[in-house]
Amino acid sequence: MFLFSVAEFILGYVSGIFALLGIVMLIAGQTSGGITFMVGAFLLSPVGIPAVADWLIDRAADINDALKGFITT
């Protein structure tokens with residue numbers, strides 16, 4: 001969980017940089033590059049891939065608890 005928190009912190013800053021680059025590219029007239037950077041910023045943000053990873057970690061913990069309960073009963 002600690003490594004997940006550190007990675008989420010770092011990816012938050014990287015997604016901010018990607019968002020700024022995307023805005024600059026959109027202003028400069030390079031729409032495809034700007035949209036690409038904006039999508040990358042969304043995926044790296046705490047709402048994108050890290051949220052999916054957090055959900056998967058929670059489901060793995062639930063499965064672990066269920067298996068422990070099944071084995072002990």
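Bear in mind these aren't lab numbers, they're just calculated from the coordinates by the rules spelled out. Everything numeric in this text was worked out from a predicted model, so none of it was measured. Glycine gets a Cβ as well: all are built from the backbone with ideal geometry, and neighbour counts include every protein chain shown.
Between LEU56 and THR36, how high is the FRET efficiency from 1/(1 + (r/R0)^6) when r is the Cβ-Cβ distance and R₀ = 30 Å? Nearest 0.05.
Details: r = 26 Å, r/R0 = 0.85.
With R0 = 30 Å, the Cβ-Cβ based efficiency is 0.70.
Tilt of helix 31-44 relative to the longest C-alpha principal axis of the chain, in degrees (0 to 90, nearest 10)?
That helix lies at roughly 20 degrees to the long axis.
Which whole-Hz ³J(HN,Hα) couplings does segment 8-14 yield from phi under the Karplus relation 6.51 cos²θ - 1.76 cosθ + 1.60, θ = phi - 60°, glycine and proline marked x?
Running phi through 6.51 cos²θ - 1.76 cosθ + 1.60 with θ = phi - 60° gives 5, 5, 5, 5, x, 5, 5 Hz.
Could you tell me which label, among [x] 7.3; [y] 6.0; [z] 5.4, carries the value of mean projected area of the Cα convex hull in nm² calculated for this structure?
Only one option fits the structure, namely [z].
Can you compute the helix-only [θ] at 222 nm over the chain? Use -39500 (n - 2.57) per DSSP H run of at least 4 residues, normalise by all residues, nearest 500 deg cm²/dmol. Each step should come with its number before you reach the end.
On the way: 3 runs with 65 residues, N = 73.
That calculation yields -31000 deg cm²/dmol at 222 nm.
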